[in-house]
1. Show the residue pairs that are 6+ apart or on different chains and have beta-carbon atoms under 7 Å apart, the first residue being within the range 15-35 and on the phi < 0 side of the Ramachandran plot, the second being assigned to a helix (DSSP H, G or I) and of a type in the set (D, E, K, R).
2. Restricting attention to the range 216-246, report how many residues are surrounded by fewer than 19 Cβ atoms within 10 Å (Cβ to Cβ) and either polar (S, T, N, Q) or not assigned by TED's automatic domain parsing to the domain that holds Phe256 (or both).
3. Show the residue pairs that are 6+ apart or on different chains and have beta-carbon atoms under 8 Å apart, the first residue being within the range 204-227 and on the phi < 0 side of the Ramachandran plot and assigned to a loop (DSSP other than H, G, I, E, B), the second being modelled with pLDDT of 95 or more and among the β-branched types (Val, Ile, Thr).
4. Inside the range 87-193, counting only helices (runs of 4 or more DSSP H) that do not spill past its ends, which hold 2 or more residues that are in contact with a Phe, Trp or Tyr (Cβ under 8 Å, 6 or more places away or on another chain) and in contact (Cβ under 8 Å) with a residue 40 or more places away in the chain?
5. Which helices (runs of 4 or more DSSP H) does the range 1-75 wholly contain that include 1 or more residues that are at pLDDT 90 or above, in contact with a Leu (Cβ under 6 Å, 6 or more places away or on another chain) and over 18 Å from Val99 (Cα atoms)?
6. Report, by residue number, each residue of the range 81-93 that is over 18 Å from Thr130 (Cα atoms) and either surrounded by 19 or more Cβ atoms within 10 Å (Cβ to Cβ) or among the acidic types (Asp, Glu) (or both).
7. I'm checking my understanding of the structure. Among residues of the range 141-155 that are buried (at least 19 other Cβ atoms within 10 Å of the Cβ) and over 11 Å from the mean Cα position of the chain (by Cα), which one is farthest from Leu44 (Cα to Cα)?
Amino acid sequence: MNTIRFTVTAYLELMKPRIVGMVLVTTTFGFFLGDHGLHALSGLLVTLLGTAMSASGSTVLNNYLERDLDARMERTKKRVLPAGVIEPSKALSLGLMLVLSGVVLLVWKINLLTGFMVLLAAFFYVLIYTPLKRMTWLNTSIGAIPGAIPPMSGWAAASGELNIEAWILFFILFAWQHPHFYSIAWMYQDDYRRAGFKMLPLEDSSGKKLFRHVIWYSVFLLGVSMLPVWTGMMGVTYAVGTLLIGLFLLQVGWQFSRSKTFQDARRLLRVSILYLPVLLALIMIDFVL
């Protein structure tokens, strides 16, 4: 029994359930807005199942491709593949099976557009973003693309199309990921250097470029998060709340750019983690009101 539990735990770790959980949350909100509520609950459940399978498979394949590099970093060397808990060939087979099964399910039960969007996210994450981490610091922006696709997939599942509101959700998620991941890049730059990843703080040791990007994308996030009000998708409650949390994130990013400390980078990371659920809660509250 203990052996079975250990094996299940190892495979779950390989699937990165926290990341998949965030993907499912943003997919749900895309579906919710595209459906103007939750009228097609069975459709949502199938969408989440297919998305969870594909997203889990993508993280498994990412772990497989980076297993040697993960072994060089302090914060990742105990992951199940570098530690030898799971054989790489088994991880590769599992990852491919999950991605393909999830996409097939979505095409079969939901629609072709949703299956395509989920497959596109997996393609960008595994075959473009993952190798680019060793080639250019632009990997952060490229990696933000698959991270911003889930709400569009949810929207496509609910409505069968992608309109301007779906694209606004994409750009909100795209912008948000930059201050979030740049704070991580600053905190763990020594680890990334050991692994040979091309992260922005390693390209510019002064940090000027990174801090400039943190501010730029925080301002961009503030602006693009107001677009749902402009299109009529959201109202006053959302507008006021989103403006406040956006300004707070910008202020924390500005403080980080001035101090350049690990502590303020971690503070920015924490605030960025809180930003998204608060934003999604504002969407729900505004919709109900």
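The values are calculated or read from the model by the stated rules, or taken from the named source; none is laboratory data. No experiment lies behind these values; they were computed from the predicted model shown. Cβ coordinates were reconstructed from backbone atoms using ideal geometry, including for glycine residues, and neighbour counts include every protein chain displayed.
1. Listed by first residue and then by second, the contacts come to Leu33/Glu165.
2. Within the range 216-246, residues that are surrounded by fewer than 19 Cβ atoms within 10 Å (Cβ to Cβ) and either polar (S, T, N, Q) or not assigned by TED's automatic domain parsing to the domain that holds Phe256 (or both) number 2.
3. Close Cβ pairs satisfying both conditions: Ser225/Ile172; Ser225/Thr242; Met226/Thr242.
4. 88-109, 139-148, 150-159, 164-187
5. 17-34
6. Ile86, Glu87
7. Met152
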